[in-house]
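Take a look at the structure below.
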Amino acid sequence: MPAWYEVFEKYDSGQAYIRKVKASHIEPTEIAAIEKELRQNKLLHDFKLDICGDEIRIFTKESGAANEGADLLKGFLSATRGNPEATWNRFARYEERMRVILTQHKSEREFVFQRYCYRGSIDDWIVIDSGSDLEALAQKNLYHLGKESYYELFGF
């Protein structure tokens, strides 16, 4: 496989595919700031980040009706050898909930936060916030993941 391609597993469907590697200008300290805020959110039990070009895509573990019967399945898996939690996590589904997009205007770095809007008339990504202070934006917006207030986030 050429060096400019990578194998990637889609977090929402589990499908593996080959994609072209996109150059990223996002710094490791910026990714760490996002991860720090996500870990502080006590309602998020698991999340995944996908750095694709100048986007940080945030996936959270699905909950609700899709996971009904989870306790029964975990009980079955606990009777098997190995780590039942690790086996259960192999079947987890993730959904992309938020994006952080780096935009550069001359020498200033700006970050745009988007969330997915589930309204039938929109069903698309909407901008909820932007600015140059990533840590403040992350603290303000990532707090809402896993909460009802997420659906009340509307942009400008």
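Kindly indicate which of 32, 65 is more than 12 Å from the chain's Cα centre (by Cα), modelled with pLDDT of 90 or more and of a type in the set (Gly, Ala, Ser).
Values: 65 fails: modelled with pLDDT of 90 or more.
None of the others qualify; the one that does is 32.
Take the stretch 28-38 and flag every residue that is closer than 16 Å to residue 55 by Cβ and either assigned to a loop (DSSP other than H, G, I, E, B) or of a type in the set (Lys, Arg) (or both). Lay out the reasoning, then the answer.
First, the residues of the stretch 28-38 that are closer than 16 Å to residue 55 by Cβ: 28, 30-31, 33-35, 38.
Scanning the stretch 28-38 gives no hits.
Can you give me the number of residues within the stretch 36-50 that are under 16 Å from residue 99 (Cα atoms) and within 10 Å of the chain's Cα centre (by Cα)?
5
Return the pairs, sorted by first residue and then second, in which the second residue is in a loop (DSSP other than H, G, I, E, B) and surrounded by 11 or more Cβ atoms within 10 Å (Cβ to Cβ), the first residue lies in the stretch 3-25 and is without any contact (Cβ under 8 Å) to a residue 60 or more places away in the chain and among the acidic types (Asp, Glu), the beta carbons are less than 7 Å apart, and the residues are 6+ apart or on different chains.
From the stretch 3-25, the pairs are 6/21.
What about residue 25, is it under 17 Å from residue 134 (Cα atoms) and assigned to a loop (DSSP other than H, G, I, E, B)?
Values: under 17 Å from residue 134 (Cα atoms): yes; assigned to a loop (DSSP other than H, G, I, E, B): yes.
So residue 25 fits the description; yes.
Of the residues in the stretch 128-156, how many are under 19 Å from residue 28 (Cβ atoms), of a type outside the set (S, T, N, Q) and not in a helix (DSSP H, G or I)?
Going through the stretch 128-156 one residue at a time, the tally reaches 1.
Okay, residues lined up against (1) surrounded by 15 or more Cβ atoms within 10 Å (Cβ to Cβ); (2) not aliphatic (A, V, I, L, M):
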residue	(1), (2)
94	yes, yes
101	yes, no
108	no, yes
112	yes, no
116	yes, yes
122	no, no
145	yes, no
150	yes, yes
153	yes, no
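The values are calculated or read from the model by the stated rules, or taken from the named source; none is laboratory data. Owing to the predicted nature of the structure, the values given are computational and were not obtained by experimental measurement. Backbone-built Cβ (ideal geometry, glycine too); neighbour counts: all protein chains shown.
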